[in-house]
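Visitor: Structure below; questions to follow.
The values are calculated or read from the model by the stated rules, or taken from the named source; none is laboratory data. Computed from a predicted structure; not experimentally measured. Don't worry about glycine lacking a Cβ; one is built from the backbone with ideal geometry, like all the others, and counts go over all protein chains shown.
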């Protein structure tokens, strides 16, 4: 009997984890009754009542498991680590806020059985804030044009991953993984399924401009060279223009000594302009340096504080 793993990353989702687990179990037992299953919640150090609720859910159904992180390790590391802890023949990643339509789970499995190793759910419509939707669209377009690797627009990670691809993920040993980029770069035969992203059922989104910026920089530093190349090219252009302007000013001063004067304002404007350009690219290069530093330190993706209902899997591994 094939086994389906459902991974649900969560953080402060006390209003969603119970109804979500009930709905997923109902779908699995009704539409996918011929499969074994496991549901894994990986909690990124929630500060509300999420963890007590997960303990109760796991107590009632031993096929539902939980991993509690020792602290919040970010929205990129935690899901990646969770995927690598699954034991199914395929893994389906679902958000804990009900924005990912659960009725696509049987559709994913059907496409997987037809031969696709990865099924990517693509947001063609969204009920989120229109400004946020516009910003995301611009970001995806920009990354796609700047990256050497084909990027998947409006792909959040919601989808199905075959065990063979999960094995690839386990062997990457990347301390700063970017799941969407890895799927685009290293993924097998892939099927895209369009969907409309729903509104959050309960609670508030944990994303803010800082976390979105952090994810954006992870994409830039992992899959683009354009920022560094642009800094180099602009440096040559600005240096050439500065030399030409300086030469013209020197010749003008030498020939028309008494009449040639540009004043202080242009000089100040030029200094501030070139200074701002330099600061921008120093910061941009700093993002690459931070990414390199994180990879060189090679720290673990997450540190687990507790596991629930993994005893049977651990016993099987000992007997192998």
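Visitor: Taking the criterion of being at pLDDT below 85 and part of a helix (DSSP H, G or I), would at least one residue in segment 185-199 satisfy it?
Guide: yes
Visitor: Taking only segment 21-71 into account, find how many residues are surrounded by fewer than 13 Cβ atoms within 10 Å (Cβ to Cβ) and within 18 Å of residue 102 (Cβ to Cβ).
Guide: 5
Visitor: List the helices (runs of 4 or more DSSP H) that sit entirely inside segment 1-91 and contain at least 3 residues that are assigned by TED's automatic domain parsing to the domain that holds residue 117 and over 23 Å from the mean Cα position of the chain (by Cα).
Guide: 17-31, 50-60
Visitor: Of the residues in segment 3-15, how many are out of contact with any strand residue (DSSP E or B) (no Cβ under 7 Å at 6 or more places or on another chain) and either surrounded by 22 or more Cβ atoms within 10 Å (Cβ to Cβ) or at pLDDT 95 or above (or both)?
Guide: Qualifying residue count, segment 3-15: 1.
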